[in-house]
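Engineer: First the structure, which I've put down as structure tokens, then a few questions once you've had a look.
Every read-out reported here was derived from the displayed coordinates using simple, explicitly stated rules and does not represent laboratory data. Bear in mind the structure is a predicted one, so any value in this text is a computation, not a measurement. Here the Cβ positions follow ideal geometry from the backbone for every residue, glycine too, while neighbour counts run over all protein chains shown.
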Amino acid sequence: MKGKRGDWVSNLGLVLGVLTGITLAVGLYLGLVYAPMDAIQGNAQRIFYIHVPMAWVAFLAFFVVFVAGVMYLWKRDLIWDQVARSSAEIGLVFTTLVLITGSFWGRPIWGTWWTWDARLTTTLLLWFIFLGYFMLRAYAGERSRAATFSAVIGIIGFFDVPIIYLSVDWWRTLHPQAVISVTGASMPGQMVVALMVCLLGFTLLYGYLMVQKLGIERAKDQLIDYQYALSEREAEGVIAV
Amino acid sequence: MRDGLGKVSILVWKDLLTEVRTKDLFGGMFIFAVLTIITFNFAFDLSGANRAASGAGAMWVAFNFAGFLGLGRSIALERDRGSLDGLLLCPVDRGTIFMGKFIGNLLFISLVEVISVPIFGALFNLNVFQPALFLVLLLGTVGFAAIGTLLAVMAASTRSREVMLPVLMFPILLPVVIASVRATTLILTDQTRDLAPWLNLLGAYDVLFLAISYLVFERVVEE
């Protein structure tokens with residue numbers, strides 16, 4: 001029974017992996033070759049085709065962390081913690097990539113690597129919240145404690161991020177929505193197609209990474225269970241002697 | 001409901017009584033807050049024309065630092081003496097315990113603020129005796145204490161608890177810091193008509209985070 005389940009999961013992983021590879025390759029071609037060069041921003045604009053999908057994956061990942069956190073606190077089933085921590089790790093990696101690719105774009109276009117705009121500041125703080133999430137896990141000790149505490153941080157983070165955005169936006173409206181409206185309003189059809197394919201590719205990538213990561217996290221928990229059972233056996237053996 | 005309030009007030013009374021007898025929290029927090037404000041005087045120019053703007057920031061950073069100190073200490077005291085286990089054995093629900101600890105923390109931090117604000121006003125020659133300022137102090141401190149009480153309990157049961165609390169709390173608390181500093185600056189520069197959005201933001205944050213902390217406290221404190 002177990003073996004069958006394992007086969008099913010690894011098949012899903014394989015299918016997702018192949019689909020991700022194909023879609024991302026097509027997306028890359030569309031973004032780098034097919035889509036026209038931006039009249040104002042030049043080739044720098046092309047980073048948009050990976051930057052935006054990465055941001056989307058990060059937010060999707062943190063939304064999954066939130067839902068899994070609620071489910072864990074409610075049901076107390078370890079599977080929800082495995083989902084949450086797998087998704088949180090993917091989210092943290094993609095948030096890092098979003099910050100880096102954004103900086104690369106900002107340097108030629110804005111003339112600076114960083115600005116304290118609401119979108120940037122919020123992303124940075126989101127990054128710090130989830131850095132704290134993993135620090136907390138590392139220092140929590142017991143498995144169930146780590147799961148509960150990080151579920152709470154995942155939930156708080158989810159509600160906090162819109163408020164952070166709002167407060168930073170009110171605080172300093174230096175770089176308004178120009179970033180989005182420049183590309184959003186007057187975007188040619190080819191650009192939309194390239195973006196959509198890349199979005200699909202990155203979403204598939206998230207699914208693929210989730211399947212892999214979830215497998216690793218389940219194996220880790222199983223290992224802990226085996227080690228615990230083994231040490232109990234040993235303790236019994238000592239008592240018997 | 002009356003019964004619940006009675007239980008909460010007994011828990012708060014316990015914290016106050018402990019503080020009166022041990023004087024573990026208040027002195028340290030107060031001196032730390034004032035020293036931070038004084039140190040900021042050397043970091044920024046707090047005597048010039050825009051001292052209201054930088055002063056408001058300095059004041060809130062000082063209160064937040066002192067607050068971290070107080071939150072960490074108050075929960076460490078409970079743990080070290082084993083009184084947290086005692087509290088959990090009490091026939092009251094966890095939400096009541098949360099409210100008790102929350103109000104206790106709120107009182108200590110507010111007391112530190114109420115005494116340091118006049119000193120702050122005197123040192124930097126600002127008119128701090130304005131009702132609106134005390135409203136902002138209250139709203140900002142409620143948000144701080146609400147999320148702080150929850151996170152302090154979590155941080156206390158991890159290794160490196162002193163580091164964990166600020167690392168977790170700073171990014172989550174940012175909206176409160178921004179809104180409080182902005183509102184304080186507006187008050188100190190007599191622009192109170194632009195105050196409403198910031199007060200709303202603080203109020204919304206307070207309500208939301210009090211509710212979340214109240215709901216999840218049970219799960220957290222049992223670990």
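Engineer: What's the exposure ranking of B:Cys90, A:Cys198, going from fewest to most Cβ atoms within 10 Å?
Structural biologist: B:Cys90, A:Cys198
Engineer: A:Ile22 versus B:Asp93, label points 7 Å from Cα toward the beta carbon: distance in nm?
Structural biologist: With each label placed 7 Å out from Cα toward Cβ, I get 5.4 nm.
Engineer: Continuing with the same structure: Taking each residue of A:125-137 in turn, how many C-beta atoms of other protein chains fall within 10 Å of its C-beta, and what is the average?
Structural biologist: 4
Engineer: So how far apart, in nm, are the two label points at A:Trp8 and B:Lys14 if each is 7 Å from Cα heading toward Cβ?
Structural biologist: Once both label points are built, they end up 4.9 nm from each other.
Engineer: If each residue of separation counts as 0.36 nm, what is the full-extension length gain between B:Ile119 and B:Asp190 once their alpha-carbon separation is subtracted?
Structural biologist: Between B:Ile119 and B:Asp190, full extension yields an extra 23.6 nm.
Engineer: Report, in deg cm²/dmol and to the nearest 500, the calculated mean residue ellipticity at 222 nm for chain B, where each DSSP H run with n ≥ 4 adds -39500 (n - 2.57) and the sum is divided by the residue count.
Structural biologist: Mean residue ellipticity at 222 nm (helix-derived): -29500 deg cm²/dmol.
Engineer: If neighbour count is taken as other Cβ atoms inside 10 Å, put A:Trp171, A:Trp8 in order from fewest to most.
Structural biologist: By the 10 Å Cβ count, ascending, the order reads A:Trp8, A:Trp171.
Engineer: Considering Cα pairs under 8 angstrom that are at least six residues apart, work out the relative contact order of the stretch A:1-115 and quote it in whole percent.
Structural biologist: 23 percent
Engineer: Quick one: check the C-alpha center-to-center distance for the stretch A:143-168 versus the stretch A:21-68, whole angstrom.
Structural biologist: Centre-to-centre distance over Cα atoms comes out at 26 Å.
Engineer: Taking the Cα atoms only, what angle lies between the long axis of helix B:131-156 and the longest principal axis of chain B, rounded to 10 degrees?
Structural biologist: Helix B:131-156 and the main axis of chain B meet at about 40 degrees.
Engineer: Can you tell me the 0 to 90 degree angle between the C-alpha axis of helix B:2-22 and the longest principal axis of chain B, rounded to 10?
Structural biologist: Compared with the principal axis, the helix lies near 70 degrees.
Engineer: Rounded, prolate or oblate: which one fits the stretch A:2-223, using the alpha carbon gyration tensor with axes a ≥ b ≥ c (rounded when a/c is under 1.5, else prolate when a/b beats b/c, else oblate)?
Structural biologist: Oblate is the answer for the stretch A:2-223, as a/c is 1.5 or above yet b/c matches or exceeds a/b.
Engineer: Share of Cα-Cα pairs in the protein assembly as shown beyond 35 Å, in percent?
Structural biologist: 42 percent
Engineer: Hydropathy at least -1.0 by Kyte-Doolittle, axial extent at least 20 angstrom from the Cα trace: which helices of chain A, defined as entire DSSP H runs, fit?
Structural biologist: Taking the DSSP H segments of chain A (at least 20 Å long, mean hydropathy at least -1.0), we get A:2-29, A:48-75, A:78-110, A:118-140, A:143-171, A:189-240.
Engineer: Still on this structure, please answer the following. The stretch B:179-203 to the stretch B:90-117: how many Å between their Cα centroids?
Structural biologist: Cα centroid of the stretch B:179-203 versus Cα centroid of the stretch B:90-117: 25 Å apart.
Engineer: Shifting gears a bit: Collect residues whose amide H, placed 1.01 Å from N in the peptide plane, falls under 5 Å from the amide H of A:Asp38; neighbours closer than 5 in sequence don't count.
Structural biologist: A:Gln45
Engineer: In peptide A:28-41, what is the residue-averaged number of other protein chain Cβ atoms found within 10 Å of each Cβ?
Structural biologist: 0
Engineer: Would you work out the charge dipole size for the stretch A:1-152 about its Cα centre, treating the Cβ of every Lys and Arg as +1 and the Cβ of every Asp and Glu as -1, and quote it to the nearest 20 debye?
Structural biologist: Result for the stretch A:1-152 is approximately 420 debye, rounded to the nearest 20.
Engineer: Using Cβ contacts closer than 10 Å as the measure, can you line up B:Asp80, A:Asp81 from fewest to most?
Structural biologist: Going from sparsest to densest Cβ surroundings: B:Asp80, A:Asp81.
Engineer: For chain B, take the longest principal axis of its alpha carbons; what is the angle in degrees between that and the long axis of helix B:51-80, to the nearest 10 within 0 to 90?
Structural biologist: Between helix and principal axis, roughly 10 degrees.
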